[in-house]
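Down below is the structure, laid out as C-alpha coordinates.
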Amino acid sequence: MAVKCPEGFDVESLRELVQETYSSVASDPNGDFHFHRGPEYAVEYLNYDRDELSHIPDTAKARFAGVGNPHLIGEIKEGMTVLDHACGAGMDLLLAARKVGPTGKAIGVDMTEGMRTFAKMATEEAGLSDIVEIKEGVFEELPVDDNSVDVVISNGVVNLSPDKEKVFEEIFRVLKPGGRLFMSDVVVQRELTLEARSSPEIWAACIGGALPEKELPGICAAAGFNENRIVQHFDCFKNTTAEVKVSKDLEIQGINFFAQKPE
Ligand SMILES: C[S@@+](CC[C@H](N)C(=O)[O-])C[C@H]1O[C@@H](n2cnc3c(N)ncnc32)[C@H](O)[C@@H]1O
(Lines give C-alpha, C1' and ligand atoms only; values in the text may rest on other atoms or scores of the structure.)
Protein backbone atom coordinates (compact mmCIF):
# COMPACT_ATOMS: atom_id res chain seq x y z
CA MET A 1 0.00 0.00 0.00
CA ALA A 2 1.49 3.30 -1.09
CA VAL A 3 0.17 5.49 1.74
CA LYS A 4 -0.68 4.10 5.14
CA CYS A 5 -3.22 5.30 7.72
CA PRO A 6 -2.00 7.74 10.37
CA GLU A 7 -0.55 5.94 13.36
CA GLY A 8 -3.20 4.68 15.77
CA PHE A 9 -5.90 4.85 13.12
CA ASP A 10 -7.42 1.90 11.33
CA VAL A 11 -9.39 2.10 8.11
CA GLU A 12 -12.72 2.31 9.94
CA SER A 13 -11.76 5.07 12.38
CA LEU A 14 -10.17 7.05 9.57
CA ARG A 15 -13.37 6.69 7.54
CA GLU A 16 -15.39 7.95 10.53
CA LEU A 17 -13.13 10.99 10.85
CA VAL A 18 -13.42 11.79 7.13
CA GLN A 19 -17.19 11.36 7.40
CA GLU A 20 -17.33 13.73 10.39
CA THR A 21 -15.31 16.36 8.51
CA TYR A 22 -17.55 16.27 5.43
CA SER A 23 -20.76 16.12 7.48
CA SER A 24 -19.58 19.43 8.95
CA VAL A 25 -18.88 20.83 5.47
CA ALA A 26 -22.40 19.74 4.44
CA SER A 27 -24.11 21.37 7.43
CA ASP A 28 -21.88 24.48 7.62
CA PRO A 29 -20.15 25.07 4.28
CA ASN A 30 -18.91 28.51 5.36
CA GLY A 31 -17.32 27.10 8.53
CA ASP A 32 -13.65 27.03 9.39
CA PHE A 33 -11.81 24.38 7.34
CA HIS A 34 -8.25 23.81 6.06
CA PHE A 35 -9.39 23.84 2.43
CA HIS A 36 -11.33 26.08 0.04
CA ARG A 37 -14.98 25.58 -0.85
CA GLY A 38 -17.57 27.12 -3.12
CA PRO A 39 -18.10 28.47 -6.62
CA GLU A 40 -15.79 31.52 -6.49
CA TYR A 41 -12.90 29.23 -5.57
CA ALA A 42 -13.96 26.87 -8.39
CA VAL A 43 -13.87 29.68 -10.96
CA GLU A 44 -10.79 31.53 -9.74
CA TYR A 45 -8.47 28.67 -8.75
CA LEU A 46 -9.75 25.75 -10.85
CA ASN A 47 -10.97 27.40 -14.08
CA TYR A 48 -14.59 26.30 -13.85
CA ASP A 49 -16.82 28.01 -16.38
CA ARG A 50 -18.89 30.69 -14.66
CA ASP A 51 -21.68 30.40 -17.19
CA GLU A 52 -21.98 26.60 -16.82
CA LEU A 53 -21.99 27.02 -13.03
CA SER A 54 -24.84 29.54 -13.23
CA HIS A 55 -27.15 26.59 -14.04
CA ILE A 56 -26.17 24.68 -10.87
CA PRO A 57 -28.05 25.35 -7.59
CA ASP A 58 -26.20 27.05 -4.74
CA THR A 59 -27.08 24.03 -2.58
CA ALA A 60 -24.45 22.04 -4.51
CA LYS A 61 -22.00 24.86 -5.28
CA ALA A 62 -21.61 26.13 -1.70
CA ARG A 63 -20.47 22.63 -0.60
CA PHE A 64 -18.05 22.03 -3.47
CA ALA A 65 -14.68 20.95 -2.05
CA GLY A 66 -12.79 19.66 -5.08
CA VAL A 67 -9.11 20.27 -5.85
CA GLY A 68 -9.10 20.36 -9.66
CA ASN A 69 -11.49 20.41 -12.59
CA PRO A 70 -12.40 17.03 -14.13
CA HIS A 71 -14.51 18.80 -16.78
CA LEU A 72 -11.34 20.16 -18.41
CA ILE A 73 -9.88 16.67 -18.89
CA GLY A 74 -12.11 15.39 -21.66
CA GLU A 75 -15.52 15.52 -23.24
CA ILE A 76 -18.69 14.20 -21.63
CA LYS A 77 -21.14 13.54 -24.44
CA GLU A 78 -24.90 13.28 -24.70
CA GLY A 79 -26.23 9.81 -23.85
CA MET A 80 -23.21 8.74 -21.78
CA THR A 81 -23.34 7.14 -18.35
CA VAL A 82 -21.14 9.09 -15.92
CA LEU A 83 -20.25 8.11 -12.37
CA ASP A 84 -18.94 10.54 -9.75
CA HIS A 85 -17.54 8.04 -7.24
CA ALA A 86 -17.61 10.48 -4.27
CA CYS A 87 -19.91 13.23 -5.41
CA GLY A 88 -20.22 15.30 -2.23
CA ALA A 89 -23.11 17.75 -2.68
CA GLY A 90 -23.08 17.14 -6.43
CA MET A 91 -21.64 20.15 -8.26
CA ASP A 92 -19.52 18.09 -10.70
CA LEU A 93 -22.28 15.49 -10.96
CA LEU A 94 -24.91 18.03 -11.99
CA LEU A 95 -22.54 19.63 -14.52
CA ALA A 96 -22.10 16.14 -15.99
CA ALA A 97 -25.87 15.46 -15.90
CA ARG A 98 -26.51 18.57 -18.02
CA LYS A 99 -23.99 17.28 -20.58
CA VAL A 100 -25.33 13.68 -20.85
CA GLY A 101 -28.91 14.97 -21.09
CA PRO A 102 -32.14 12.94 -20.92
CA THR A 103 -30.69 9.99 -22.89
CA GLY A 104 -27.79 9.62 -20.46
CA LYS A 105 -27.33 8.89 -16.79
CA ALA A 106 -25.33 10.53 -13.98
CA ILE A 107 -24.72 8.41 -10.90
CA GLY A 108 -23.31 9.90 -7.70
CA VAL A 109 -21.98 7.78 -4.85
CA ASP A 110 -20.98 9.20 -1.48
CA MET A 111 -20.55 7.71 1.98
CA THR A 112 -21.61 10.84 3.92
CA GLU A 113 -25.35 11.15 4.50
CA GLY A 114 -25.29 14.94 4.87
CA MET A 115 -23.61 15.33 1.47
CA ARG A 116 -26.06 12.92 -0.20
CA THR A 117 -29.01 14.86 1.26
CA PHE A 118 -27.80 18.12 -0.30
CA ALA A 119 -26.89 16.37 -3.57
CA LYS A 120 -30.47 15.05 -3.81
CA MET A 121 -31.91 18.46 -2.93
CA ALA A 122 -29.74 20.17 -5.57
CA THR A 123 -30.73 17.57 -8.18
CA GLU A 124 -34.41 18.36 -7.60
CA GLU A 125 -33.77 22.11 -7.63
CA ALA A 126 -31.98 21.72 -10.99
CA GLY A 127 -34.83 19.64 -12.43
CA LEU A 128 -32.42 16.78 -13.18
CA SER A 129 -34.03 13.98 -11.14
CA ASP A 130 -34.75 11.86 -14.24
CA ILE A 131 -31.06 11.77 -15.13
CA VAL A 132 -29.35 11.69 -11.73
CA GLU A 133 -29.23 8.86 -9.21
CA ILE A 134 -27.53 9.34 -5.82
CA LYS A 135 -26.38 6.19 -4.03
CA GLU A 136 -24.95 5.46 -0.60
CA GLY A 137 -21.62 3.66 -0.73
CA VAL A 138 -17.85 3.73 -0.60
CA PHE A 139 -15.60 3.96 -3.60
CA GLU A 140 -13.55 0.99 -2.42
CA GLU A 141 -16.70 -1.13 -3.08
CA LEU A 142 -18.87 0.74 -5.55
CA PRO A 143 -22.60 -0.10 -5.72
CA VAL A 144 -22.31 -0.05 -9.53
CA ASP A 145 -22.31 -2.87 -12.14
CA ASP A 146 -19.19 -4.07 -13.96
CA ASN A 147 -18.50 -2.50 -17.38
CA SER A 148 -21.42 -0.07 -17.11
CA VAL A 149 -19.91 3.45 -17.07
CA ASP A 150 -18.43 5.59 -19.89
CA VAL A 151 -16.70 8.18 -17.68
CA VAL A 152 -15.77 8.17 -13.99
CA ILE A 153 -15.25 11.61 -12.54
CA SER A 154 -13.40 12.09 -9.28
CA ASN A 155 -12.54 15.28 -7.45
CA GLY A 156 -10.47 15.56 -4.30
CA VAL A 157 -11.26 12.16 -2.88
CA VAL A 158 -8.76 9.41 -3.78
CA ASN A 159 -6.28 10.95 -1.33
CA LEU A 160 -8.79 10.26 1.46
CA SER A 161 -8.60 6.49 1.01
CA PRO A 162 -5.94 4.40 2.74
CA ASP A 163 -6.34 1.76 -0.01
CA LYS A 164 -5.63 3.55 -3.31
CA GLU A 165 -5.02 0.27 -5.17
CA LYS A 166 -8.57 -0.88 -4.40
CA VAL A 167 -10.02 2.48 -5.47
CA PHE A 168 -8.39 2.20 -8.92
CA GLU A 169 -9.43 -1.46 -9.25
CA GLU A 170 -13.04 -0.45 -8.58
CA ILE A 171 -12.93 2.38 -11.12
CA PHE A 172 -11.48 -0.06 -13.65
CA ARG A 173 -14.19 -2.66 -12.88
CA VAL A 174 -17.15 -0.31 -13.43
CA LEU A 175 -15.78 1.33 -16.61
CA LYS A 176 -16.81 -0.07 -19.98
CA PRO A 177 -13.95 -1.14 -22.27
CA GLY A 178 -12.49 2.10 -23.60
CA GLY A 179 -14.08 3.99 -20.69
CA ARG A 180 -12.22 6.97 -19.26
CA LEU A 181 -11.29 8.35 -15.85
CA PHE A 182 -11.29 12.15 -15.39
CA MET A 183 -9.69 12.54 -11.98
CA SER A 184 -8.62 15.54 -9.94
CA ASP A 185 -6.71 14.84 -6.76
CA VAL A 186 -4.02 16.12 -4.45
CA VAL A 187 -0.45 14.96 -4.98
CA VAL A 188 2.86 15.73 -3.29
CA GLN A 189 6.10 16.28 -5.20
CA ARG A 190 8.21 14.58 -2.56
CA GLU A 191 7.36 12.33 0.36
CA LEU A 192 5.54 14.00 3.27
CA THR A 193 7.07 14.12 6.71
CA LEU A 194 5.96 11.39 9.09
CA GLU A 195 4.38 14.15 11.18
CA ALA A 196 2.12 15.24 8.29
CA ARG A 197 1.33 11.64 7.33
CA SER A 198 0.45 10.86 10.97
CA SER A 199 -2.04 13.67 11.53
CA PRO A 200 -5.66 12.56 11.10
CA GLU A 201 -6.66 16.22 10.78
CA ILE A 202 -4.20 16.76 7.91
CA TRP A 203 -5.43 13.51 6.34
CA ALA A 204 -9.07 14.69 6.43
CA ALA A 205 -7.96 18.00 4.86
CA CYS A 206 -6.92 16.00 1.74
CA ILE A 207 -3.16 16.25 2.37
CA GLY A 208 -2.02 13.42 4.69
CA GLY A 209 -3.11 10.69 2.27
CA ALA A 210 -1.94 12.38 -0.93
CA LEU A 211 0.17 10.21 -3.22
CA PRO A 212 3.60 11.28 -4.39
CA GLU A 213 2.92 12.39 -7.98
CA LYS A 214 5.42 9.94 -9.46
CA GLU A 215 3.60 6.94 -7.90
CA LEU A 216 0.22 7.69 -9.48
CA PRO A 217 0.88 6.28 -12.99
CA GLY A 218 2.19 2.99 -11.54
CA ILE A 219 -0.84 2.41 -9.31
CA CYS A 220 -3.14 3.21 -12.20
CA ALA A 221 -1.30 0.87 -14.59
CA ALA A 222 -1.36 -1.92 -11.98
CA ALA A 223 -5.17 -1.70 -11.94
CA GLY A 224 -5.18 -2.36 -15.72
CA PHE A 225 -5.37 1.11 -17.31
CA ASN A 226 -3.23 1.17 -20.45
CA GLU A 227 -3.04 4.92 -20.86
CA ASN A 228 -2.65 7.53 -18.14
CA ARG A 229 -1.22 11.01 -17.83
CA ILE A 230 -1.21 14.10 -15.65
CA VAL A 231 -2.64 16.96 -17.68
CA GLN A 232 -2.70 20.00 -15.39
CA HIS A 233 -1.68 21.31 -11.97
CA PHE A 234 -3.65 23.63 -9.65
CA ASP A 235 -2.57 25.67 -6.65
CA CYS A 236 -5.63 24.53 -4.72
CA PHE A 237 -4.34 25.21 -1.19
CA LYS A 238 -3.16 28.77 -1.87
CA ASN A 239 -4.39 31.13 0.88
CA THR A 240 -5.73 28.34 3.12
CA THR A 241 -4.71 27.47 6.66
CA ALA A 242 -3.37 24.19 5.22
CA GLU A 243 -0.89 26.22 3.17
CA VAL A 244 0.29 27.93 6.32
CA LYS A 245 0.50 24.65 8.23
CA VAL A 246 2.12 22.34 5.73
CA SER A 247 1.68 22.81 2.03
CA LYS A 248 4.12 25.70 1.43
CA ASP A 249 7.03 23.55 2.54
CA LEU A 250 5.81 20.36 0.99
CA GLU A 251 4.87 21.23 -2.60
CA ILE A 252 1.31 20.00 -2.53
CA GLN A 253 -0.85 20.60 -5.57
CA GLY A 254 -4.10 19.61 -7.19
CA ILE A 255 -3.80 17.76 -10.49
CA ASN A 256 -6.01 16.78 -13.38
CA PHE A 257 -5.30 13.18 -14.38
CA PHE A 258 -6.56 11.17 -17.35
CA ALA A 259 -6.69 7.38 -17.66
CA GLN A 260 -8.37 4.99 -20.09
CA LYS A 261 -9.39 1.33 -19.85
CA PRO A 262 -8.27 -0.74 -22.83
CA GLU A 263 -10.90 -1.29 -25.58
C1 LIG B 1 -13.18 16.70 -0.50
S2 LIG B 1 -14.88 16.23 -0.59
C3 LIG B 1 -15.10 16.26 -2.35
C4 LIG B 1 -16.52 16.04 -2.78
C5 LIG B 1 -16.81 16.35 -4.24
N6 LIG B 1 -16.09 15.47 -5.13
C7 LIG B 1 -16.50 17.79 -4.54
O8 LIG B 1 -15.66 18.03 -5.42
O9 LIG B 1 -17.07 18.67 -3.89
C10 LIG B 1 -14.76 14.56 -0.16
C11 LIG B 1 -16.02 13.70 -0.34
O12 LIG B 1 -15.61 12.36 -0.46
C13 LIG B 1 -16.48 11.54 0.28
N14 LIG B 1 -15.73 10.33 0.60
C15 LIG B 1 -14.56 10.24 1.28
N16 LIG B 1 -14.15 8.96 1.34
C17 LIG B 1 -15.08 8.22 0.68
C18 LIG B 1 -15.19 6.84 0.37
N19 LIG B 1 -14.29 5.97 0.80
N20 LIG B 1 -16.26 6.44 -0.36
C21 LIG B 1 -17.21 7.34 -0.76
N22 LIG B 1 -17.16 8.65 -0.50
C23 LIG B 1 -16.09 9.09 0.21
C24 LIG B 1 -16.85 12.39 1.48
O25 LIG B 1 -18.05 11.94 2.04
C26 LIG B 1 -16.98 13.76 0.85
O27 LIG B 1 -18.28 14.03 0.39
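The values are calculated or read from the model by the stated rules, or taken from the named source; none is laboratory data. Small disclaimer: the values here were computed from a predicted structure and weren't measured. Here the Cβ is made from the backbone with ideal geometry for all residues, glycine too, and neighbour counts use every protein chain on show.
Here are the numbers:
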item	result
Search result, residues across the range 50-73 that are in contact (Cβ under 8 Å) with a residue 60 or more places away in the chain and either farther than 14 Å from K120 by Cα or of a type in the set (A, V, I, L, M) (or both)	H55, I56, A60, A65, G66, V67, G68, N69, P70, H71, L72, I73
Any hit, the range 79-94, residues being acidic (D, E) and either out of contact with any strand residue (DSSP E or B) (no Cβ under 6 Å at 6 or more places or on another chain) or in a loop (DSSP other than H, G, I, E, B) (or both)	no
Which numbered condition L160 fails, given (1) within 13 Å of the ligand (Cβ to nearest atom); (2) at pLDDT 95 or above	(2)
Unmet criterion (only one of (1) among the hydrophobic types (A, V, I, L, M, F, W, C); (2) farther than 22 Å from F35 by Cα; (3) touching a residue at least 24 places away in the same chain (Cβ under 8 Å); (4) out of contact with any Phe, Trp or Tyr (no Cβ under 6 Å at 6 or more places or on another chain)) for A196	(2)
Residue in the range 232-252 that is more than 24 Å from F9 (Cα to Cα) and among the aliphatic types (A, V, I, L, M) present	yes
Filter pass, G254 being buried (at least 17 other Cβ atoms within 10 Å of the Cβ), modelled with pLDDT of 90 or more and under 18 Å from V157 (Cα atoms)	yes
Leading residue by the ranking (nearest to the ligand (Cβ to nearest atom)) among those in the range 94-130 that are more than 14 Å from the chain's Cα centre (by Cα) and of a type in the set (D, E)	E113
Selected residue (criterion: surrounded by the most Cβ atoms within 10 Å (Cβ to Cβ)) from residues of the range 69-93 that are closer than 17 Å to I56 by Cβ and more than 9 Å from the ligand (Cβ to nearest atom)	V82
So K135, is it of a type in the set (K, R) and over 17 Å from H55 (Cα atoms)	yes
Selection count where residues are part of a loop (DSSP other than H, G, I, E, B) and of a type in the set (A, V, I, L, M), scope the range 3-60	2
